Each structure stands twice: as C-alpha cells, then as structure tokens.
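Data block below; observations after.
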Amino acid sequence: MLTVGWLAVVLMMSPVVVLLAVARNEAHRRELRAATVELRVDEFGARRVLADGREEAVDWGELTEVEVVTAERGPHGRHGGVVVLAGDATRGCLVPLDQVEDTDLVGYLQLLPGFDVQRLIEALGRKAPSRSTVWERPG
C-alpha cells in the first residue's frame, strides 16, 4: 500500500516538475539570446548586437531619455542591470552595467545638454531593483 501511495504522489507531481524544468530552460534560452556579442559606443551613438542577431541602436541626436535600471534577476541581473538609451518607439539601446566603463559611455553622456553625471552615479549606486531616469532631452 505504501508503494502505491508513493507512486500516486510521484505521478501527481510529475507535471509540476516538468513545467518547472521547461520554464527554467526557457528563461536560460532567453538569457542566451539576449547576450551582448558586440557593443559600440562612439561619437555617433550606441549600437549593440545580441547573440540571436538582433541589433539595437540609437544616435545621440535622437536620444530622448537615459534611464538606469538595476536588477538582481532577469536577463540583465548578472550584469547588475542596464543603462537604457531611449530614442523613439523603435530605436534605443541597452548597455549592460558591467560594460559601462569599457565603452566610455559616461564620457559621451556628459556631452548631452544638461546631463548631470552625479545623478547617473547615484542611480548606479541604488540597491536593486530600481529604475531611475537620469536625463531627458530638454524641450
């Protein structure tokens, strides 16, 4: 009788275990697809190529907002979060926080009208999860 009881428990739990495994695998696949394979920040703007071939880009002239998102989980959690460079509804670029120094992003952001580097530093230091707008295009 004990064996039948355990068998029933195992059969009832199997779908749950399978669903959890599928969800974990899908999250891992999303993270792999979203991995940065190339990131370029230069005098023209920012461009990022993802592992699945997608590209993100924004030129400095079309930039409307800069936001810092800190995270412990999700696709950018292991990077600490991202700097969101927003253009319009179709253009923008995410810069993983662990790649900010390597790209001279801060140097280019300081060239934006009214950009306050202290606001950026404060946003980068906030405990995750947080979301802070550090610059918006004037007018």
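Annotations for the structure displayed:
- Globularity index of the stretch 36-139 is 0.99 (Cα radius of gyration / 2.2 N^0.38 Å, N = number of residues).
- Multiplying the residue separation of R78 and R91 by 0.36 nm and removing their Cα-Cα distance gives an extension gain of 2.2 nm.
- Between A35 and D116, the modelled label-to-label distance comes to 3.9 nm, taking each label 7 Å out from Cα in the direction of the beta carbon.
- Annotation for D104 and F44: the two label points, set 7 Å from Cα along the Cα-Cβ direction, are 1.5 nm apart.
- Eigenvalues of the alpha-carbon gyration tensor of the stretch 49-108, scaled by 5 and square-rooted, set the equivalent ellipsoid semi-axes at 18, 14, 12 angstrom, largest first.
- With the simple spin-label model, which puts each label point 7 Å out from Cα in the Cβ direction, the T133 to D52 separation comes to 2.9 nm.
Values in this text are rule-based calculations from the coordinates and carry no lab data. All values derive from a computational prediction rather than experimental measurement. Glycine gets a Cβ as well: all are built from the backbone with ideal geometry, and neighbour counts include every protein chain shown.
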